[in-house]
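The values are calculated or read from the model by the stated rules, or taken from the named source; none is laboratory data. The structure presented is a predicted model; accordingly, all values stated were derived computationally and were not measured. Note that we place each Cβ from the backbone using ideal geometry, even for glycine, and neighbour counts take in every protein chain shown.
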Amino acid sequence: MLQRSSYVDHVYVKVTSFSSIVQLGDSCIINGFSRALAVQREAEIEYGNEGNYEAYPTFSEPIPFEPIHENVSFRSHHLNPIIKVNKLNVIGVSSASVLHVGNSNHISMETRVKHIRQLLPQSEEQSR
């Protein structure tokens with residue numbers, strides 16, 4: 001793993017919520033995972049299965065990772081292996097997100113959201 005030192009004089013984070021992390025310092029592995037159901041209703045009618053993730057294939061389908069077939073050539077030379085930042089000002093970190101200052105070897109993040117709109121049936125007069 002490429003080793004650099006990260007120096008940040010001030011970090012201001014207003015809100016961290018919903019399984020999010022503020023990581024200061026090096027890490028070996030970061031795994032973030034979030035699932036959400038977003039239900040928008042015209043009327044407060046409960047159908048009974050809205051809170052069951054297993055009812056929606058969105059949460060169980062495999063993610064199609066396409067292999068990269070490009071040859072990449074990269075060469076760098078760092079005379080000063082230091083990243084220096086005066087101030088980080090963050091409004092919010094939410095939904096299994098990570099604010100990370102430091103080195104990391106492996107990062108894997110996944111978010112799945114199912115949006116549902118429950119609309120009332122249109123009457124014949126409204127559809128004309």
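So the values come out like this:
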| quantity | calculated |
| --- | --- |
| Given (1) surrounded by 10 or more Cβ atoms within 10 Å (Cβ to Cβ); (2) within 17 Å of the chain's Cα centre (by Cα), index of the condition Ala55 fails | (2) |
| Unmet requirement for Tyr12, which otherwise passes all of (1) out of contact with any strand residue (DSSP E or B) (no Cβ under 6 Å at 6 or more places or on another chain); (2) loosely packed, with under 10 Cβ neighbours inside 10 Å; (3) aromatic (Phe, Trp, Tyr) | (1) |
| Residue within region 39-49 that is more than 30 Å from Leu120 (Cα to Cα), surrounded by fewer than 10 Cβ atoms within 10 Å (Cβ to Cβ) and out of contact with any Pro (no Cβ under 9 Å at 6 or more places or on another chain) present | no |
| Val101 within 20 Å of Ser27 (Cα to Cα) and among the hydrophobic types (A, V, I, L, M, F, W, C) | yes |
| Single match in Ile63, Ile83 (criterion: out of contact with any His (no Cβ under 7 Å at 6 or more places or on another chain), within 30 Å of Leu119 (Cβ to Cβ) and of a type in the set (A, V, I, L, M, F, W, C)) | Ile63 |
| Matching residues in region 77-128 - criterion: being surrounded by fewer than 13 Cβ atoms within 10 Å (Cβ to Cβ), assigned to a strand (DSSP E or B) and small (Gly, Ala, Ser) | Ser108 |
| Single condition Tyr7 does not satisfy, out of (1) surrounded by 10 or more Cβ atoms within 10 Å (Cβ to Cβ); (2) part of a loop (DSSP other than H, G, I, E, B); (3) aromatic (Phe, Trp, Tyr) | (2) |
| Test for Val101: is it hydrophobic (A, V, I, L, M, F, W, C), within 30 Å of Gln3 (Cβ to Cβ) and at pLDDT 90 or above | yes |
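Yes/no per residue for (1) among the acidic types (Asp, Glu); (2) farther than 22 Å from Glu54 by Cβ; (3) at pLDDT 85 or above:
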| site | (1), (2), (3) |
| --- | --- |
| Leu2 | no, yes, no |
| Val11 | no, yes, yes |
| Val15 | no, yes, yes |
| Ser19 | no, no, no |
| Phe33 | no, no, yes |
| Gln40 | no, no, yes |
